[in-house]
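What follows is calculated from the coordinates using simple rules that are stated; it is not laboratory data. Owing to the predicted nature of the structure, the values given are computational and were not obtained by experimental measurement. Using ideal geometry, Cβ is built from the backbone for each residue, glycine included, and neighbour counts are taken over all protein chains shown.
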Ligand code: LMR
């Protein structure tokens, strides 16, 4: 299996590293526009192979998409990260141009690839990649739900003093402050979380999760990379190994949850064809309302992108 990761910054390099050391692909091509940057990162990861004992070949290229030809999966991490004081939506005009041009190059050389978008604002960059690629919606998706759920699970594990492995959770909606963690679907070793934690602590964890990316931007002056890069690699693994894992993934909804034409995180089954199935949960009225707020927000940013594109045309 051949996987391309576009963008050799922190997120892209972390993703490539996980893909390599977990031998998720035989070949990983790392692409960047900065001369020598991807080559250097790929070489460094390759030189780690004899230490960490893997044989995945990592190759770096400067903007040469011919080397990505025939990729089975492509992860797009390119674009600017946000800085303290910015929202993800502030990145839209710069990152939309980048994601659009990267997608054009990807589809030209790997028409059969499945595309995973990681760039922000995530839901709208997934929209940009999808309309540019003209691929079926099952093959162009965004990574955010695994990351947001991981943050939620990590905070819960800390509060309950249990292993994060035993926390299962679903989270829906856009990758931003309007995301919808679902305590009703959260379990700890099969036990509903509400039986183990008081409401106030749980609500505080939900709020912390919603601001999870911002918390890290504030601490580091730039956005996170270990969890985002690993989350993208986990999606690649589910696809290349046809694992049929159940993850929250951003996809264009076409009637599911009563929503049409908006890109939102929903639980899906991920396998060799990309999104094998979208799982429709029976949400209660409160959850439906939260999802509707998230839909409204993402739609606004999608409209902003349409206006940017119309002004350019
Ligand atoms: C994240 O959640 O870590 C990413 O979306 C990056 C960001 O700007 O928060």
Helix axis angle, 199-210 relative to the chain longest principal axis, alpha carbon, degrees: 20 degrees
Ranking request for peptides 241-251, 63-73: highest mean number of other beta-carbon atoms within 10 Å first, then the rest in descending order. 241-251, 63-73
Three-way shape label, the stretch 207-313, alpha-carbon gyration tensor, a/c 1.5: rounded
From the Cα gyration tensor of the stretch 157-218, with a ≥ b ≥ c the square roots of its eigenvalues, which class applies: rounded if a/c is under 1.5, or else prolate if a/b is larger than b/c, or else oblate? prolate
Longest principal axis of the chain (C-alpha) makes with the long axis of helix 122-133 (C-alpha) an angle, in degrees to the nearest 10, of 40 degrees
Relative contact order in percent for the chain (Cα pairs under 8 Å, 6+ apart) equals 18 percent
For the residues 138, 103, what sequence is obtained by ranking on other C-beta atoms within 10 Å, fewest first? 138, 103
Value of [θ]222 nm, deg cm²/dmol, for the chain, DSSP H segments ≥ 4, -39500 (n - 2.57) each, nearest 500: -14500 deg cm²/dmol
Order these by the 10 Å Cβ neighbour count, fewest first: 175, 130. 130, 175
Protection proxy ranking, peptides 199-205, 142-148, 31-37, average beta carbon neighbours within 10 Å, highest first: 142-148, 31-37, 199-205
In terms of the Cα gyration tensor, with a ≥ b ≥ c the square roots of its eigenvalues, is the stretch 184-266 rounded because a/c is under 1.5, prolate because a/b exceeds b/c, or oblate? rounded
Just the C-alpha atoms of the chain: what Rg/Rh do they give, with Rh taken as the Kirkwood radius? 0.96
Can you sort 295, 277 by how many other beta carbons sit within 10 Å, fewest first? 277, 295
At the level of C-alpha centres, the distance separating the stretch 49-114 and the stretch 205-232, in angstrom, is 20 Å
Tilt of helix 285-312 relative to the longest C-alpha principal axis of the chain, in degrees (0 to 90, nearest 10)? 30 degrees
Could you rank the peptides 222-232, 44-54 by their average count of other C-beta atoms within 10 Å per residue, with the highest value first? 222-232, 44-54
